[in-house]
Amino acid sequence: MKGDVRYSVRVSPQMANRIVDSARSILNKFIPDIYIYTDHMKGVSSGKSPGFGLSLVAETTNGTFLSAELASNPQGQGAAVLPEDLGRNCAKLLLEEIYRGGCVDSTNQSLALLLMTLGQQDVSKVLLGPLSPYTIEFLRHLKSFFQIMFKIETKPCGEELKGGDKVLMACVGVGFSNLSKTLK
């Protein structure tokens with residue numbers, strides 16, 4: 001595990017320890033060397049809204065970073081979240097991202113596909129875990145805005161690929177360039 005961050009703003013600093021302990025209760029079953037740093041803000045520099053959250057990042061053996069993040073609901077919006085529940089749920093989300101696999105976590109799949117679309121007029125490829133509903137809708141937007149189609153090849157999990165089924169996405173970029181950039 002990389003350095004993960006637990007943060008709290010205008011709440012008791014004890015919230016930090018409660019979140020860390022609950023996240024560790026899940027993650028320590030899989031790997032013992034987990035580093036979760038705490039950051040507590042108070043006073044004028046902390047803003048006006050109380051709350052807390054957790055951002056977890058895992059690095060795979062081949063250098064891929066997968067992440068999960070959760071935050072408490074703003075005051076007066078939705079049900080109150082206990083720090084222990086938030087820590088456990090965020091740890092489970094990270095484990096889900098690890099199981100899904102791929103080179104990009106589900107939160108950033110659409111960003112990777114956008115960068116491939118805007119890239120050079122050459123073939124770009126990326127291996128993703130199962131596509132999220134947001135990514136599927138985003139692919140529809142890319143088709144309507146850029147008239148670009150992706151080649152989608154499913155790779156079932158097996159000996160080489162662990163976890164969930166993977167999807168190999170490939171496209172030819174549109175060659176977008178910044179027209180206001182000065183030429184040398």
The helices (runs of 4 or more DSSP H) lying wholly within region 77-184 that contain at least 2 residues that are among the basic types (K, R) and surrounded by 11 or more Cβ atoms within 10 Å (Cβ to Cβ) are 83-100
Which one of these does V11 not meet: (1) buried (at least 16 other Cβ atoms within 10 Å of the Cβ); (2) at pLDDT 85 or above; (3) under 21 Å from D105 (Cβ atoms); (4) aliphatic (A, V, I, L, M)?
-> (3)
Test Y35 against the stated conditions and say whether it is touching a Gly at 6+ places or on another chain (Cβ under 7 Å), farther than 19 Å from S72 by Cβ and of a type outside the set (S, T, N, Q).
-> yes
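Rundown of residues vs (1) within 14 Å of C90 (Cβ to Cβ); (2) more than 21 Å from the chain's Cα centre (by Cα); (3) in a loop (DSSP other than H, G, I, E, B), yes/no style:
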{"position": "V20", "(1), (2), (3)": "yes, no, no"}
{"position": "I26", "(1), (2), (3)": "yes, no, no"}
{"position": "I31", "(1), (2), (3)": "no, no, yes"}
{"position": "D39", "(1), (2), (3)": "no, no, no"}
{"position": "S45", "(1), (2), (3)": "no, yes, no"}
{"position": "L54", "(1), (2), (3)": "yes, no, no"}
{"position": "V57", "(1), (2), (3)": "yes, no, no"}
{"position": "T61", "(1), (2), (3)": "no, no, yes"}
Go through region 24-45 residue by residue and tally those that are open to solvent by 70 Å² or more (accessible area, probe 1.4 Å) and either hydrophobic (A, V, I, L, M, F, W, C) or touching a residue at least 60 places away in the same chain (Cβ under 8 Å) (or both).
-> 2
Give just the number: which of (1) closer than 23 Å to S106 by Cα; (2) in contact with a Ser or Thr (Cβ under 9 Å, 6 or more places away or on another chain); (3) modelled with pLDDT under 90; (4) not polar (S, T, N, Q) does L86 not satisfy?
-> (3)
Filter region 46-76 for residues that are within 16 Å of S22 (Cα to Cα) and free of Cβ contacts under 8 Å to residues at least 40 places away in the same chain; which is most open to solvent (accessible area, probe 1.4 Å)?
-> E69
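The values are calculated or read from the model by the stated rules, or taken from the named source; none is laboratory data. Model, not experiment: these values are computed from the prediction. Using ideal geometry, Cβ is built from the backbone for each residue, glycine included, and neighbour counts are taken over all protein chains shown. When the accessible area is computed, the model is the full protein with side chains, heavy atoms only, and any ligands, DNA or RNA have been set aside. Shrake-Rupley method; radii C 1.70, N 1.55, O 1.52, S 1.80 Å.
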